[in-house]
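What follows is a single structure, written as structure tokens, with notes after it.
Each value in this text was obtained by applying a stated rule to the coordinates, not by laboratory testing. Quantities reported herein were computed from a predicted structural model and do not represent experimental measurements. Quick reminder, even Gly has a Cβ in these numbers, built from the backbone with ideal geometry, and neighbours come from all protein chains shown.
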């Protein structure tokens with residue numbers, strides 16, 4: 001097991017219905033030292049990708065993206081999930097459905113902050129059905145920018161998002177891929193990588 | 001002018017109705033090197049405060065809070081604005097009104113992540129009417145924790161939030177306080193500190 005898999009096994013809580021709670025270190029309370037290890041690892045996996053910008057989506061992707069960005073020395077852009085009256089001008093908009101929250105959101109990025117010269121690393125905390133990620137990819141493609149890679153902390157390998165994205169030809173790196181988990185024994189099976 | 005005031009004057013855009021847009025470096029695209037300078041400055045201003053946790057609120061506070069946290073070597077907790085089905089157990093809940101979005105939100109923090117042993121530094125990107133901040137203070141007080149300080153990137157000094165919070169006796173440090181701005185000339189007047 002790598003450092004993140006060990007942490008998930010130690011501090012993650014499995015709930016019925018394939019829910020994995022990692023809110024003590026990843027997406028409510030955030031362990032910044034852990035995020036820096038993730039940043040080192042993503043830099044290692046994407047070291048030849050010439051990334052010049054990181055794109056993520058609010059809210060829980062932002063912290064990881066900012067710490068990871070230090071390892072690439074690039075700015076971060078976060079996509080917004082609802083139309084804000086403080087965003088004006090032209091925007092890229094993608095409609096995505098959230099598995100967790102059972103609702104549709106618009107994913108929005110100002111056209112000022114992504115363009116055809118950008119080579120983007122997309123960062124997010126979770127990948128399950130991949131709807132949010134599909135929205136981000138749609139926006140990068142609309143902008144004429146390049147997807148230099150996709151870095152995910154935890155992928156739920158028993159849901160279809162990762163397979164679809166890899167089938168589409170993207171370089172997707174997940175630091176931990178959960179193939180199955182048992183809420184009674186607490187045992188998590190991680191995919192060998 | 002300090003480094004943040006200079007950046008605001010250079011890249012901020014003033015819109016009619018006292019709207020200050022800093023989305024090119026602070027709250028949509030994020031300049032991580034700038035955030036590190038802010039982290040150094042907050043560490044300097046709160047160096048004797050014995051902070052053990054940083055609390056912020058989604059979404060645009062998270063990036064700053066995570067980078068600032070490295071300068072204090074503490075974890076970050078971000079308050080959520082809507083009830084998520086992935087948060088269970090007991091929660092601290094405060095109701096706050098957003099000036100920008102003209103709506104009410106519940107601010108929520110799990111009781112697991114803040115308690116009476118915590119000495120909390122609250123970090124956020126903007127302070128205007130201070131409603132979000134009041135919600136965070138309410139939660140820290142509910143938890144029996146201590147407010148070790150409040151660090152804000154940009155305070156709108158012509159709105160009442162900062163005055164109220166200082167009147168309440170909190171140590172509030174804003175890196176830039178905008179006392180007035182003119183959307184025609186583009187001139188911003190910063191408060192001497």
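With neighbour counts taken as other beta-carbon atoms within 10 Å, the residues A:66, A:103 rank, fewest first, as A:103, A:66. Neighbouring Cβ atoms from other chains, within 10 Å of the Cβ of residues in B:54-67, number 5 on average. Based on the reciprocal of the average 1/r between different C-alpha atoms, the Kirkwood radius for region A:29-80 equals 11.0 Å.
Distance distribution P(r), chain B, all Cα-Cα pairs, bin width 10 angstrom from 0: 9, 37, 38, 14, 2, 0 percent.
With the contact rule set at Cα under 8 Å and sequence spacing of 6 or more, what percent relative contact order holds for chain A? Computed value for chain A: 19 percent relative contact order.
Summarising the strand pairing of region B:34-154, around 40 percent of its internal DSSP beta bridges are antiparallel. Considering helices alone, the calculated mean residue ellipticity of chain A at 222 nm is -8500 deg cm²/dmol, with DSSP H runs of length four and up weighted by -39500 (n - 2.57) and normalised per residue.
Across the protein assembly as shown, counting alpha-carbon atoms alone, Rg and Dmax equal 20.2, 66 Å. Taking the centroid of alpha carbons for each part, region B:20-95 and region A:1-18 are 25 Å apart.
Per-residue mean of foreign Cβ neighbours for A:26-36 is 6 (Cβ atoms of other chains, 10 Å radius). As a calculated quantity, the FRET efficiency between residue B:33 and residue A:19 at R0 = 56 Å, using C-beta atoms, amounts to about 0.90.
Relative to the other identical copies, residue A:160 shows label-point distances of 5.4 nm, where the label point lies 7 Å from Cα along the Cβ direction and values run shortest first.
To test your reading of the geometry: what angle, between 0 and 90 degrees and rounded to tens, separates the Cα axis of helix B:60-72 from the longest principal axis of chain B? Tilt of helix B:60-72: around 80 degrees. Residues A:163, B:146 in ascending order of nearby Cβ atoms (within 10 Å, fewest first): A:163, B:146.
Count the DSSP beta bridges whose two residues both fall in region A:94-150, then state the antiparallel fraction as a percent rounded to the nearest 5. Please report the intermediate quantities before stating the final value.
Numbers: 5 of 9 bridges.
Within region A:94-150, antiparallel bridges account for around 55 percent of the total.
Label-point spacing at residue B:183 relative to the other copies reads 5.0 nm, in ascending order, each point sitting 7 Å out from Cα along Cα→Cβ. Placing a pseudo-label 7 Å from each Cα along the Cα-to-Cβ vector at residue A:160 and residue A:106 gives an inter-label distance of 2.7 nm.
Beta bridges from DSSP with both residues in region A:133-189: antiparallel share about 25 percent, rounded to the nearest 5. Note on residue A:193 and residue B:95: with the Förster distance fixed at 35 Å, the Cβ-Cβ geometry gives a FRET efficiency of about 0.20. Starting from one equal scatterer on each C-alpha and no solvent at all, send me the Debye-based log10 I(q)/I(0) for region A:110-193 at q = 0.14 Å⁻¹, two decimals. Rounded to two decimals, the profile gives -0.50.
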